[in-house]
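The values are calculated or read from the model by the stated rules, or taken from the named source; none is laboratory data. The structure displayed is predicted, hence computed values, not measured ones. Here the Cβ positions follow ideal geometry from the backbone for every residue, glycine too, while neighbour counts run over all protein chains shown.
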Amino acid sequence: LGHFPTPLERWQPPGAPPGTECWLKRDDLSGMELSGNKVRKLEFILADALHQNADSVVSCGGLQSNHCRAVGVAARMLGLEPHLVLRLEDRDAQEASSQVGLEGNLLLSRLVGAQHLLVTRRQYRERGAAALIEEACSQLRAKGRRP
């Protein structure tokens, strides 16, 4: 997914005391412009999914999650179908219609065909991420998918 290793560059922070050494790891140059450092963890997670012969992946995060957007893009790059459990603010739950996701990270994940399951913060808090992900995986398995 990424082009590694990425370079280390010396940086002198303005106002830093003399003798301060600061280096920047340029993960923005990893080649996956939509995710920066997220590509590092996704290489391992998605390699494991492929090794297990998965045809889809399920992840969760906030409505405009950078992680979820990166999962959607990376999964599609590898031929996997992304399914995202996305947490809404409770006040947004009534507006959780087709209008949700016409901007930002959610729009980008929609453009790569990610499937979205919207849950409220309250549902997320009461049930937990692991249970919500497992429920989505169970639904996919019932349809013959391999998450």
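Six or more apart or on different chains, Cβ under 9 Å: which pairs go from a residue in region 1-24 that's closer than 22 Å to residue 37 by Cβ to one that's part of a strand (DSSP E or B) and acidic (Asp, Glu)? Could you list them?
Once the first residue is closer than 22 Å to residue 37 by Cβ and sits in region 1-24, its partners that are part of a strand (DSSP E or B) and acidic (Asp, Glu) give 23/9; 24/9.
Looking only at region 4-33, count how many residues are in a loop (DSSP other than H, G, I, E, B), of a type in the set (A, V, I, L, M) and surrounded by fewer than 16 Cβ atoms within 10 Å (Cβ to Cβ).
Result for region 4-33: 1.
Just to be sure I understand, how many residues within region 51-75 are of a type in the set (Gly, Ala, Ser), within 14 Å of residue 140 (Cβ to Cβ) and not in a helix (DSSP H, G or I)?
3
Starting from region 104-120, keep only residues that are within 10 Å of residue 83 (Cβ to Cβ), then list their pairs with residues that are in a strand (DSSP E or B) and among the acidic types (Asp, Glu) whose Cβ atoms are within a distance under 9 Å, requiring at least 6 positions of separation or different chains.
114/81; 115/81
From the residues in region 113-147 that are buried (at least 17 other Cβ atoms within 10 Å of the Cβ) and either farther than 29 Å from residue 48 by Cβ or β-branched (Val, Ile, Thr) (or both), which one is modelled with the highest pLDDT?
The selected residue is 133.
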